[in-house]
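Below: one structure, written as structure tokens.
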Amino acid sequence: MNLSNIKVSLLIAALCAGSAVAPVNAAPERSVFPHKVPTEKPDIPLSAAMERMFEYDAPRPQDSEFYTQFKYSRLQGFDYNGGDGTITRRDPSRPILVDGKYYIYYTKRHTKVPPVGAANAAQATDEIPSTDWDLADLWYATSTDGVTWAEQGVAVPRPAKPHPGHRSVATPDILIWKGKYYLYYQAFNEPSGLKGDHSVVTVSWADSPEGPWTPLNKAVITPGQKGDWDQSLIHDPMPIVYNDQIYVYFKSTYNKWPDNRKNYHVAHGLAISDDPLKTFKKHPLNPVINSGHETFYFPFKSGVAGVIIRDGIERNTVQYAEDGVNFKIQANISLPPIAGGPYTPDAFTNTDNGRGVTWGISHFINFGPKRHSELLRFDCDLSLDMHDPAFKSPNIWFKPEVYFNSLGLSKKQLEARKAKAKNVAQDSNH
Ligand code: AAL
């Protein structure tokens, strides 16, 4: 390269460098969201929706530890009397694994006749149940594979009057604390549906998962004062060990229910104790979840996660609270287990590195003409130790019949809509 060529090269280089300096009156720099989805929030102006995407565990559900699909399998080993509505099993606990066997505890009703229904609760007698969970006891079953179960018998029967639960005991969950076993459950003193679904939470304890169980015969979580959100009932207790204490999450229904059921609202509270048999202290920030029916909770990472199912503005979400109290939505989910009891071997280890859930037991209601409930198994990938793409697809495709059959308009609704559309069409013709 001769001297004049070098001079030209230097001049070109200088001009190129100079072009990086914005000339006066140049258009503002473009800040467009990139084609390749960033893993961190980009430093550009973002819409509310794109801003929010970076508040989740991952911007895409496929990459999120909090997103999963759920898959369902029938259980073997349970008899339902031909589905005549006289036997129901529902609201299972989380399975626990002790000495090579999985144990579950659940509501079992075995009555001479099927329930008359909450609306007819006044017709209930000592032999005629009002709801599916009226006149029930707590039973237990064991399994070595989580699919085939052997029912072992009653764990906790209804106690004699006047002890809490003399009408029905239901919806248990298990705690292992300092080598002993505790079952927390709903205790009813009247047919559910009579004034509402009124129950308190009580507890029975045992030295072994097989019992014998000793009832405390006293409530450990009671409804709040009149006017409080949880004034009427405490449902669905679910204990974990967190921060060296027993955290029991529970549900209450509120907002003028049952006298004005159309205003029905649902939320979850937290009650804490360091003694499994003493009255639990409700958290001052209750409710801690604004939605969800039989929600399930588990230690996850250093916090607590919950799978929030039907009911409420945040139904069908997985939420996470770093402190076990202040939950935030992490993922939207479809068809989550109803009344799920997740298998979580670290639920009672006071872990600060919760590993999550891959399976559990839940129920479906509305089997057969008398609409009894049955237990089943769910599988999922809410686990830090597994990443199974089979569970991570964000979409579920149903056959068209599911939409037409389960979600179809009634004949009456369809006729009314056809007539309305016809009128609108005729009017627009004038
Ligand atoms: C379930 C649970 C509680 C209710 C009843 C039995 O969905 O929320 O347990 O009391 O129904």
Next on the checklist: If DNA, RNA and ligands are ignored and the probe is 1.4 Å, what is the ranking of K41, K251, K328, K36 by accessible area, most exposed first?
Outcome noted: K36, K328, K41, K251
Checklist entry - Under a point-charge model restricted to the Cβ atoms of Lys and Arg (+1) and Asp and Glu (-1), what is the dipole moment magnitude of region 63-406 relative to its Cα centre, in debye to the nearest 20? => result 800 debye
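Taking only protein heavy atoms and a 1.4 Å probe, what accessible area per residue, in Å², does the chain have with all protein chains in place?
Working: 22300 Å² over 430 residues.
That works out to 52 Å² per residue.
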Checklist entry - If one computes the Cα centroid of region 343-410 and of region 170-188, what distance in Å separates the two points? => result 23 Å
Checklist entry - How far is the Cα center of region 79-142 from the Cα center of region 226-284, in Å? => result 23 Å
Checklist outcome for this item: So, with points 7 Å from each Cα along the Cβ direction, the I329-M50 label distance in nm works out to 2.0 nm
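Working with all protein chains in place, sort M238, M53 by solvent-accessible area computed with a 1.4 Å probe, largest first.
Values: M238 5, M53 40 Å².
I get M53, M238, largest accessible area first.
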Checklist entry - So for the chain, taking the charge dipole from beta-carbon charges (+1 Lys/Arg, -1 Asp/Glu), which of H430, L376, Y185 sits furthest toward the positive end? => result H430
Next on the checklist: Can you find, among Y67, G269, S143, the residue sitting farthest towards the positive end of the charge dipole of region 63-406, where Lys and Arg contribute +1 and Asp and Glu -1 at Cβ?
Outcome noted: G269
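Which value in deg cm²/dmol, rounded to the nearest 500, describes the helix-derived mean residue ellipticity at 222 nm for the chain, given -39,500 (n - 2.57) per DSSP H run of n ≥ 4 and division by the residue count?
Values: 3 runs with 41 residues, N = 430.
Rounded to the nearest 500, it is -3000 deg cm²/dmol.
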Checklist entry - If you project the alpha carbons of the chain onto the principal axes, what extent comes out on each, in Å, largest first? => result 108, 75, 45
Checklist entry - In Å and whole numbers, how far do the C-alpha atoms of region 56-137 stretch along each principal axis, longest first? => result 53, 37, 22
Checklist entry - Tell me, what are the semi-axes, in whole angstrom and largest first, of the equivalent ellipsoid of region 228-296 as set by the roots of 5 times the Cα gyration tensor eigenvalues? => result 24, 11, 9
Checklist entry - Cα extents of region 234-393 along the three principal axes, largest first, in whole Å? => result 42, 41, 28
Next on the checklist: I need the calculated FRET efficiency for the pair A416 and S73, taking r as the beta carbon distance and R₀ as 45 Å, to the nearest 0.05.
Outcome noted: 0.65
Checklist entry - Under a 1.4 angstrom probe, counting protein chains only, how are F78, F378 ranked by accessible area, largest first? => result F78, F378
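The values are calculated or read from the model by the stated rules, or taken from the named source; none is laboratory data. Not measured: the values here are computed from a predicted model. As a convention, Cβ positions derive from the backbone with ideal geometry for all residues, glycine included, and neighbour counts pool all protein chains shown. The accessibility values were calculated without ligands, DNA or RNA, using every heavy atom of the protein model including side chains. Shrake-Rupley method; radii C 1.70, N 1.55, O 1.52, S 1.80 Å.
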